[in-house]
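Colleague: Mind looking over this structure? Questions follow.
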Amino acid sequence: MLRQSFILLSKSDLARRFVTHAPFASAAARRFVAGETMDDASSAARELNRAGMTVTMDYLGESVNDRAEATAAADQYLEIIDRMVADQIDGNVSLKLTQMGQDIDEDFLRDNVSRILERAARHHMFVRFDMESSDYVQRTIDFADRVRADGFTNTGIVLQSMLRRTEADTLWANERGMRVRLCKGAYAEPESVAYPDKKDVDASFMRCTRLLLEHGAYAGIATHDEKIIQATKRFALDRGISPDRFEFQLLYGIRRDLQRQLVDEGWRVRVYIGFGTAWYPYFMRRLAERPANVLFIARQLVRG
Ligand SMILES: Cc1cc2nc3c(=O)[nH]c(=O)nc-3n(C[C@H](O)[C@H](O)[C@H](O)COP(=O)(O)OP(=O)(O)OC[C@H]3O[C@@H](n4cnc5c(N)ncnc54)[C@H](O)[C@@H]3O)c2cc1C
């Protein structure tokens, strides 16, 4: 219930205006967002690199309906790639297709994203297409398939274990040799397309993890769920799957202790760094995931 409310609020313009102007909120968002500028993101990334982790950079933004804004977002990614190369950051980038014009026109989207893919390919950098709500899943998969056919093999998708279709999508991605990041899914979805019970979402996560580790391309296992992480490690060790066949991925600011522990144990870890001024919906989804985060914010509010 609380989760659904926060996800709904993440789409409200009124709530966005209120929250982004509240001084306590931007301070609280800093727990999950590396900052508003590339300097902030670069220093967070370099610190993580020093701690033995790779990163993926996300210039926050989504649901863009204006061509100039979508073009500017793609330009921003070109700058990010150049800056990552200049700062010798060990990492790649993640982007949302709705930020690049997916809701405007497919050809425009393709042109816009191709510029990023070309620049990334020049530096042997990988580009991940984040997955948004279920309405976008097929279109995102089709788009990823199309750009691969255009020759951009430096790309991959995200699949969400909460969706009933995801096991089939995992098999499809494995057949294609498409790289997958597997996560649970951060959007409110109807029961017709998603498992309503957490235990089913978790079981689906493990089924897909096994498929990816045994038969897939290099996989990203993106979760902070210790039980799933434990089970993944056990599965890899039992089956003799080498630790360089996959990586654990976690979000910036969440379970830093677990991030360090995994590195100390010799597993590959990538941290997803979101930054930029459009942090509101990303922040609200992080609140939705864990009621304790809301209490944390409420305490800041009471203290003024
Ligand atoms: C690297 C990465 C990339 C992602 N990309 C996408 C994407 O493209 N599309 C998409 O829909 N979703 C994406 N997500 C979000 C994902 O779908 C989940 O919403 C999110 O990871 C929370 O689920 P969980 O697997 O950690 O498990 P949960 O069962 O939600 O949480 C397990 C434990 O993790 C900790 N935890 C989880 N979330 C938080 C939080 N916000 N604050 C504090 N502690 C927390 C808590 O200890 C909790 O008990 C991504 C997640 C990661 C880690």
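Colleague: Is it possible to state the helix-based mean residue ellipticity at 222 nm for the chain, with each DSSP H run of 4+ residues giving -39500 (n - 2.57), the sum divided by total residues, to the nearest 500 deg cm²/dmol? What is it?
Modeller: Counting only the DSSP helices, I get -16500 deg cm²/dmol.
Colleague: Expressed as a fraction of 2.2 N^0.38 Å, the rule-of-thumb size for a compact globular protein of N residues, what is the C-alpha radius of gyration of the chain?
Modeller: 0.96
Colleague: Next question. What is the Cα centroid distance between segment 111-190 and segment 9-86, reported in whole angstrom?
Modeller: Cα centroid of segment 111-190 versus Cα centroid of segment 9-86: 20 Å apart.
Colleague: How much of the accessible area of the chain, in percent, comes from carbon and sulfur atoms when a 1.4 Å probe is used?
Modeller: Answer for the chain is 50 percent, counting heavy atoms of protein chains only.
Colleague: Here is a follow-up. So what are the ³J(HN,Hα) numbers for segment 173-180, from phi and the Karplus equation (6.51, -1.76, 1.60; θ = phi - 60°), rounded to whole Hz, Gly and Pro as x?
Modeller: Values per residue, Gly and Pro as x: 5, 4, 4, 7, x, 7, 6, 10 Hz.
Colleague: Which value, in Å², gives the accessible area per residue of the chain when a 1.4 Å probe is used on the protein heavy atoms? Kindly include the intermediate steps, with their values, before the conclusion.
Modeller: Numbers: 13940 Å² over 304 residues.
So the chain comes to 46 Å² accessible per residue, rounded to a whole number.
Colleague: To continue, here is another question. Provide Rg over Rh for segment 154-304; use the alpha carbon set for both Rg and the Kirkwood Rh (inverse mean inverse pair distance).
Modeller: Rounded to two decimals, Rg over Rh is 0.99.
The values are calculated or read from the model by the stated rules, or taken from the named source; none is laboratory data. On a predicted model such as this, the values are computed, not experimentally measured, just so you know. Surface accessibility is based on the protein's heavy atoms, side chains included, excluding ligands, DNA and RNA. Shrake-Rupley method; radii C 1.70, N 1.55, O 1.52, S 1.80 Å.
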